[in-house]
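Each remark here refers to the structure printed beneath this line.
The values are calculated or read from the model by the stated rules, or taken from the named source; none is laboratory data. Predicted model, so just to flag it, every value in this text is computed and none were measured. For neighbour counting, all protein chains shown are included, and Cβ atoms are generated from backbone atoms with ideal geometry for every residue, glycine included. Heads up: the accessible areas ignore ligands, DNA and RNA and are worked out on the full protein's heavy atoms, side chains in. Shrake-Rupley method; radii C 1.70, N 1.55, O 1.52, S 1.80 Å.
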Amino acid sequence: MPECCDSVIDSLVERRKAVGMTQTELAEATDLTQSVIARMENKKVVPQLNTLLKIVMALGCNLELVPANNYAE
């Protein structure tokens, strides 16, 4: 898994715990399954953008896309 995905997932896990949600509650709020949440949080899969968007909306946070510094214009 790309290192940048690791940090995004770690932030989402921290946020989920901070707002007091279980994986099951997050799954219900996002119309995903608990196993999808668990696989993502355990970094078994690279989450798709639509999955990330569902999760950040349910957690009440934002997802920002920032261009990487290593890309030349």
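Remarks
- Evaluating residue 66 against the criteria (1) without any contact (Cβ under 8 Å) to a residue 24 or more places away in the chain; (2) open to solvent by 70 Å² or more (accessible area, probe 1.4 Å); (3) under 14 Å from the mean Cα position of the chain (by Cα) leaves one unmet condition, (3).
- Considering (1) of a type in the set (Gly, Ala, Ser); (2) open to solvent by less than 60 Å² (accessible area, probe 1.4 Å); (3) under 10 Å from the mean Cα position of the chain (by Cα), the lone condition that residue 58 does not fulfil carries the number (3).
- Criterion violated by residue 11 - all others in (1) surrounded by 11 or more Cβ atoms within 10 Å (Cβ to Cβ); (2) touching a helix residue (DSSP H, G or I) at 6+ places or on another chain (Cβ under 9 Å) satisfied: (2)
- Failed condition for residue 46, given (1) out of contact with any Asp or Glu (no Cβ under 8 Å at 6 or more places or on another chain); (2) touching a residue at least 40 places away in the same chain (Cβ under 8 Å); (3) open to solvent by less than 70 Å² (accessible area, probe 1.4 Å): (3)
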